[in-house]
Amino acid sequence: MGAFDQAKDKAEQLKGKAKEKIGDATDNERLANEGRADQLKGEAKEQWHDAKEGVDDKLHDAKERLSGDRDENR
């Protein structure tokens, strides 16, 4: 995952954590729930970026293997 994407995902999680704590401290259930939702959304995005990067790496490796096989057969 790119550093920028990772930072955005972590920032969203931290923002959610802060919202949740403020909501809990002020008995604002809506704000606390928004915070939990923001945290989950940030975690989901982080997992998506990690999975996408893993797929991209696998595709790159496969392309390298295929192109290496062609070069050896020449």
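The values are calculated or read from the model by the stated rules, or taken from the named source; none is laboratory data. Remember, it's a predicted structure, so these values are computed and weren't measured experimentally. Neighbour counts run over all protein chains shown; Cβ positions are idealised from the backbone, glycine included.
Every residue, every condition in (1) assigned to a helix (DSSP H, G or I); (2) exposed (fewer than 13 other Cβ atoms within 10 Å of the Cβ); (3) at pLDDT 90 or above, yes or no:
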{"residue": "Q13", "(1), (2), (3)": "yes, no, yes"}
{"residue": "G16", "(1), (2), (3)": "yes, no, yes"}
{"residue": "K19", "(1), (2), (3)": "yes, no, yes"}
{"residue": "D27", "(1), (2), (3)": "no, yes, yes"}
{"residue": "D38", "(1), (2), (3)": "yes, no, yes"}
{"residue": "K45", "(1), (2), (3)": "yes, no, yes"}
{"residue": "A51", "(1), (2), (3)": "yes, yes, yes"}
{"residue": "D56", "(1), (2), (3)": "yes, yes, no"}
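Can you confirm whether segment 65-73 contains a residue that is out of contact with any Gly (no Cβ under 8 Å at 6 or more places or on another chain), part of a loop (DSSP other than H, G, I, E, B), polar (S, T, N, Q) and at pLDDT below 95? Talk me through it step by step, then tell me what you get.
Taking segment 65-73 and keeping what is out of contact with any Gly (no Cβ under 8 Å at 6 or more places or on another chain), we get 65-73.
From what's left, part of a loop (DSSP other than H, G, I, E, B): 73.
Of the ones still in play, those that are also polar (S, T, N, Q) are 73.
Narrowing the set further to residues that are at pLDDT below 95 leaves 73.
Within segment 65-73, one or more residues are out of contact with any Gly (no Cβ under 8 Å at 6 or more places or on another chain), part of a loop (DSSP other than H, G, I, E, B), polar (S, T, N, Q) and at pLDDT below 95.
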